[in-house]
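Throughout, read-outs are computed from the coordinates displayed, never taken from laboratory work. What you are looking at is a predicted structure, and each value in this text was computed from that prediction instead of being measured.
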Amino acid sequence: MGKAIPILQSKTRPVQEPTEADPSEFPYLKRDLIRVLGTLAYRNRAVQDRIRQCGGVQVVMGHCVIDERNPYLREHAVFTLRNLLEQNVENQGVVREMKPLRGFDADGILRDIAES
């Protein structure tokens with residue numbers, strides 16, 4: 001038996017300081033995270049409850065909007081919300097207790113509710 005020869009030779013790299021992550025490196029991260037939450041919450045009461053306890057129901061509802069940078073984010077958020085609310089009275093109560101912050105006035109202008 002001879003001497004072991006490494007198949008890959010590694011080159012040492014200098015240690016770099018951590019830098020801010022560039023958002024463009026993760027273009028669909030929000031959409032994919034919402035999607036994973038929806039998959040995990042599907043008919044799983046423990047996950048539904050845990051997401052509620054962490055304030056996730058409100059976060060998911062906040063993503064039910066059109067986002068040009070995240071195609072289908074709204075659709076995944078609606079689907080996730082459906083999975084969070086299915087047969088979970090406590091999560092449904094969280095949604096029921098939420099109050100709108102803005103609304104349309106008689107002229108069709110979006111205003112804060114306090115201004116109306």
Residue-span extension gain [Ala106 to Cys54] - 0.36 nm each, minus C-alpha spacing = 15.0 nm
In whole Hz, what ³J(HN,Hα) sequence does segment 80-96 give by Karplus (6.51, -1.76, 1.60; θ = phi - 60°), x for Gly and Pro?
-> 5, 4, 4, 5, 6, 8, 4, 6, 10, 4, 5, 5, 5, x, 4, 5, 4
Determine ³J(HN,Hα), in whole Hz, for all residues of segment 43-57 in sequence, where each value follows from phi through the Karplus function 6.51 cos²θ - 1.76 cosθ + 1.60 and θ = phi - 60°; x replaces Gly and Pro.
-> 6, 10, 4, 4, 5, 4, 5, 5, 4, 4, 4, 8, x, x, 4
Mean shadow area of segment 32-103, taken as a quarter of the surface of its Cα convex hull (nm²) = 4.9 nm²
With the Cα gyration tensor of segment 67-116 giving a ≥ b ≥ c as the square roots of its eigenvalues, does the rule (a/c under 1.5 for rounded; else a/b larger than b/c for prolate; else oblate) give rounded, prolate or oblate?
-> oblate
Gained length - Arg96 relative to Ala46, 0.36 nm times residue gap less alpha-carbon distance = 15.9 nm
